[in-house]
Amino acid sequence: MDKNEHFVSDAPFDPHSIEQLTPEQEKVYLASQWQLMWWKLKRHRLAVISGLVLLCMYVSILFVEIISPYNLHTGNDDATYAPPQRVRLFHEGSFVGPFVYDRSVQMNMETFLREYTEDTTEPKPIRFFCSGDSYKFWGLVEGNFHLICPPENSDMYLLGTDRLGRDMFSRIMYGARISLTIGLIGIAISFAFGILLGGLAGYYGGWVDFIVQRTIEVIRSFPELPLWMALSAILPVNWSPLLVFFGITVILAMLDWTGLARAVRSKLLALREEDYCTAAELMGAKPKRIITRHLLPGFSSHLIASASLSVPSMILGETALSFLGLGLRPPITSWGVLLNEAQDINVVALYPWLILPVVNVIIVILAFNFFGDGLRDAADPYK
Amino acid sequence: MFFYLIRRILTMIPTLLIISVLVFVIIQLPPGDYLESYIAELQSQGESVNEEKIQYLRKEYGLDKSMPEQYFTWVTGMLQGDFGYSFEYELPVREVIGDKMILTVLISIVTIIFTWIIAFPIGIYSATHQYSWGDYGLSFLGFIGLATPNFLLALIMLYLANVYFGTSIGGLMAPEYIDAPWSWAKVKDVLAHLWIPVVVIGTSGTAGMIRRIRANLLDELQKQYVTTARAKGLPPGKLMRKYPLRIAMNFFVADVGNLLPQVISGAEIVAVVMSLPTTGPMLLDALQSQDMYLAGTFLMFLAVLTVVGVLISDLALAALDPRVRLQGDNR
């Protein structure tokens, strides 16, 4: 065979072969909007991790009674202001599994502080899947099953106790239930406000738009916290703690809807001018169909993103108000209510574990911020 | 520029009017008024109520009139510099608030300057070194600042300063200056005490500002004129200074509108924790004891501070950027 002979394929020539898509490409081109968003979100690793953290937290608030070793109000007079207890694994060089030592308390007569000393003679193993304090699960079902319990005839305060000898770990767990839901309920209310008012302004324009815009401007030009303070000072003192809870949620939501309303309005105005809307209109679609079929899907993802970015400010707002004593009141316990006990510098100096709830606040705020960032980046998958 | 100024000030008037209505409604909303709770308190202590004084106060401050009338008196009074009467302190509001307002303004301004000084270089660094370790590290620090509640940071700072510097840093000045008239020594002392609240209040705003500067500058750096300038061989430093930075500057000035409400909110709660002699602790007291004119004046003052601050930033923006003053305010 001649070495210079060219290779000629005798397969039939397909002129479309260049334009043809590989199966992967085809998958991308045919994917729905939400599918694309999901793919894009998955690439943002920090957002995925934050999302998982949030998911864990929200699942855990469903089972607070089971997870926490003590009840919200179980106090131990002999263990007030007890520092966090160390969990150990080895007793005198041999492995025993997780256990704690008993502690005894003496009053130091010079400083008037309680001093806890560990009695290291006998390991007290922590119990798992056990029965402990009895509770009413979500106030409905009686039970006493706990994931983790203190050892028999002993105490276990993983994060210390407060001035009434109540276990901080359990209280933080219970506090999560309130702190995390207040963000969600609040955002639901402000979502409703924001969509309604922003939608009206964006859809009707004209004087409706003008009024809504001015209102937003006024509310935004007011520093949030003083206004929150003023509004929560209005709540009557004789309201039950539960009513106060809803009152505070509504107050937080009342100042928060402006951002969402603005987002809805500007998106609505922009999308209304898109060609596909004109096309739908020309084909005789009714406004309702245009809004639900063409406009809403276009910006619902943006709304979810901006909503998840405004949850943190609500959680922080509640924490700040409760810290000042204007927000929630015991027996309703949120992280802010817990921090209210750490108001004074002596607490920070003597019982620093009382400010531990703030660690949870920071984690939740960070997680919402990162998750929201990821969602915002993913919200427009065609970019 | 002149017409822009006029128009901008004119649009401020309705905003302030609505705010004043809002504030008035808020301070009127709690059931009863201060005098009623005052009488109840006196009676519960078994003291006799000075009917004449109550009647006098009620008349003097128009508590017997209708709501719109009271509102009108309040607003016109404020315009003439009469802010009403503080029941709690039994003094005209103007005498109670004294230099608290000045200190609030001072703290806010210093905090904003602090935020700028910190946020601007970090934002530029993060944008020019996108996805580097420095960028990640600084952004992370910023996020921590954003997520930590101000009041807690204040507590921890108080504690640390107590342990490491051995000073009590509650308050804004050393005890001997509290009632002293303003002097150079007092000013220096205030400045020495000022940095902790400023750092504490500044942290949350700084984080947001860094993120916004970074995003803005990144947008700008991707534009074609930057590529062109780079292709023509402009040194990177000069390129940054000449073009993207100048545009980022505009945004930087305009961002005060976002920053100011946040700074003032932060200042209030930090002031309560650190017992600063600013409006914070007194506002909290006034709200809790229904001392309505005092609370109203504070709220109104904070709102005016924000609105005026935003106005100044808008004017500075118009001076910087001809597009704004020529097109009007269609931002």
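The values are calculated or read from the model by the stated rules, or taken from the named source; none is laboratory data. Computed from a prediction, not measured in an experiment: that's the story for all the values here. For neighbour counting, all protein chains shown are included, and Cβ atoms are generated from backbone atoms with ideal geometry for every residue, glycine included.
Descriptive notes on the structure:
- Qualifying residue in the stretch A:275-284 (condition: surrounded by fewer than 20 Cβ atoms within 10 Å (Cβ to Cβ), on the phi < 0 side of the Ramachandran plot and either within 13 Å of chain B (Cβ to nearest Cβ) or assigned to a loop (DSSP other than H, G, I, E, B) (or both)): yes
- Of everything listed in (1) part of a strand (DSSP E or B); (2) in contact with a helix residue (DSSP H, G or I) (Cβ under 6 Å, 6 or more places away or on another chain), the single unmet condition for A:Val53 is (1).
- Each residue in the stretch A:186-222 was checked for being within 14 Å of chain B (Cβ to nearest Cβ) and either in contact (Cβ under 8 Å) with a residue 60 or more places away in the chain or aliphatic (A, V, I, L, M) (or both), and 5 pass.
- Residue selected from the stretch A:139-181 under the condition among the charged types (D, E, K, R) and more than 18 Å from the chain's Cα centre (by Cα), by the criterion surrounded by the most Cβ atoms within 10 Å (Cβ to Cβ): A:Asp167
- Any pair with Cβ under 7 angstrom, 6 or more apart, that starts in the stretch A:279-302 at a residue that is touching a residue at least 12 places away in the same chain (Cβ under 8 Å) and among the β-branched types (Val, Ile, Thr) and ends at one that is surrounded by 11 or more Cβ atoms within 10 Å (Cβ to Cβ) and assigned to a helix (DSSP H, G or I): A:Ile290/A:Cys277; A:Ile290/A:Ala280; A:Ile290/A:Glu281
- Lone unmet requirement of (1) in contact (Cβ under 8 Å) with a residue 24 or more places away in the chain; (2) within 14 Å of chain B (Cβ to nearest Cβ); (3) buried (at least 20 other Cβ atoms within 10 Å of the Cβ); (4) under 30 Å from A:Ser170 (Cα atoms) for A:Leu309: (3)
- Evaluating B:Val270 against the criteria (1) within 12 Å of another protein chain (Cβ to nearest Cβ); (2) surrounded by fewer than 18 Cβ atoms within 10 Å (Cβ to Cβ) leaves one unmet condition, (2).
- Total residues in the stretch A:163-183 satisfying the condition of being farther than 19 Å from A:Ile148 by Cα, of a type outside the set (A, V, I, L, M, F, W, C) and assigned to a loop (DSSP other than H, G, I, E, B): the figure is 1.
- When residues of the stretch A:223-250 are limited to those that are within 11 Å of chain B (Cβ to nearest Cβ) and under 22 Å from the mean Cα position of the chain (by Cα), the one nearest to B:Val272 (Cα to Cα): A:Leu225
- Residue that is in the same structural domain as A:Pro226 (by TED's automatic domain parsing) and modelled with pLDDT of 85 or more, where the choices are A:Ser334, A:Ser310: A:Ser334
- Residue list for the stretch B:118-150, filter: of a type in the set (A, V, I, L, M, F, W, C) and away from chain A (no Cβ under 14 Å): B:Ile118, B:Ala119, B:Phe120, B:Ile122, B:Ile124, B:Ala127, B:Trp133, B:Leu138
- As for the stretch B:65-87, it holds at least one residue that is modelled with pLDDT under 80, over 16 Å from B:Gly296 (Cα atoms) and part of a loop (DSSP other than H, G, I, E, B).
- Search result, residues across the stretch B:210-265 that are closer than 19 Å to B:Val310 by Cα and of a type in the set (Lys, Arg): B:Arg212
- Screening A:Ala261 with (1) out of contact with any Phe, Trp or Tyr (no Cβ under 8 Å at 6 or more places or on another chain); (2) in a helix (DSSP H, G or I); (3) away from chain B (no Cβ under 11 Å) gives one miss only, at (1).
- Residue within the stretch A:49-61 that is of a type in the set (S, T, N, Q), touching a residue at least 12 places away in the same chain (Cβ under 8 Å) and crowded, with 16+ Cβ neighbours inside 10 Å present: yes
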